[in-house]
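The values are calculated or read from the model by the stated rules, or taken from the named source; none is laboratory data. Since this is a predicted model, take the numbers as computed values, not measurements. Positions of Cβ are generated from backbone atoms using ideal geometry, with glycine treated the same way; all protein chains shown enter the neighbour counts. Remember, those area values only see protein heavy atoms, side chains included, never the ligands or the DNA or RNA. Shrake-Rupley method; radii C 1.70, N 1.55, O 1.52, S 1.80 Å.
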Amino acid sequence: DPQTWGGALPARDAAVVIPPGRLVLVDQDVDVRGLVVEGVLEFARRDLALSAEHVIATGNGVLRAGTVTEPFAQRLVITLRGADRSVNVMGAGTKVLAAVGGAIELYGRPVTSWTRLQGTAVAGATRITLAEPPAGWRVGD
């Protein structure tokens with residue numbers, strides 16, 4: 001909502017700060033230079049994208065998509081961009097996604113995080129066989 005930002009959405013070159021005590025619900029794609037979350041930034045239940053050079057949850061700030069009891073079932077793409085290697089965000093370098101005293105809570109749909117192969121994967125093979133069927137995997141995972 002543009003009213004959250006004083007009447008206009010932040011521009012691509014904006015350094016955005018979500019202040020303590022403020023809850024911002026992201027319901028459309030976001031493209032900003034930097035994002036510091038000192039309050040709460042929560043993603044609405046829809047496919048969304050966030051693009052920034054850095055995203056940092058600091059102090060008591062929380063960046064959240066989904067919860068333990070209600071995982072985020074939609075698609076959320078967080079893209080960290082920037083090529084200026086002279087930039088050093090909070091001592092962590094460039095392209096930073098970090099919790100510095102804050103929290104990043106990303107709860108997605110339950111899936112098998114890894115599995116074993118049925119046998120050796122030969123170099124150049126176009127197919128592999130898994131030892132067990134993975135739960136929740138989709139093409140491209």
Legend entry - Solvent-accessible area, 1.4 Å probe, carbon plus sulfur percent, for the stretch 1-108: 50 percent
Legend entry - Probe 1.4 Å, accessible area per residue of the chain, Å²: 65 Å²
Inset, instruction - Subtracting the Cα-Cα distance from 0.36 nm times the residue separation, let me have the gained length for Leu9 to Ala73 in nm, one decimal. - result: 20.4 nm
Inset, instruction - May I ask for the net charge around Leu9, where only other residues with Cβ less than 12 Å from the Cβ of Leu9 are counted and Lys, Arg are +1 while Asp, Glu are -1? - result: -3
Inset, instruction - Report relative contact order for the chain in percent, whole number only (criteria: Cα-Cα under 8 Å, sequence separation at least 6). - result: 18 percent
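Which of rounded, prolate or oblate describes the stretch 14-82 when judged by the alpha-carbon gyration tensor and an a/c cut-off of 1.5?
Oblate.
Roughly what % of DSSP beta bridges within the chain run antiparallel, to the nearest 5?
Among the beta bridges of the chain, antiparallel pairing accounts for roughly 5 percent.
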Legend entry - For the chain, alpha-carbon Rg relative to the globular expectation (2.2 N^0.38 Å, N residues): 1.28
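Give me the extension gain from Ala131 to Gln118: residue separation times 0.36 nm, minus the current Cα-Cα distance, reported in nm with one decimal.
Net length gain for the segment: 4.3 nm.
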Legend entry - Cα gyration tensor shape of the stretch 84-131, rounded if a/c is under 1.5, else prolate or oblate by comparing a/b with b/c: oblate
Legend entry - Ordering of 111-120, 8-17 by burial proxy (mean other Cβ atoms within 10 Å per residue, highest first): 8-17, 111-120
Inset, instruction - For the chain, set up a Gaussian network in which alpha carbons nearer than 10 Å are linked by springs, and say which option among Asp29, Asp47, Asp84 fluctuates the most. - result: Asp84
Inset, instruction - With springs only between Cα atoms under 10 Å apart, run a GNM on the chain and tell me which of Gly101, Gly66, Gly34 wobbles the most. - result: Gly101
Legend entry - the stretch 57-108 shape via C-alpha gyration tensor axes, a/c threshold 1.5: oblate
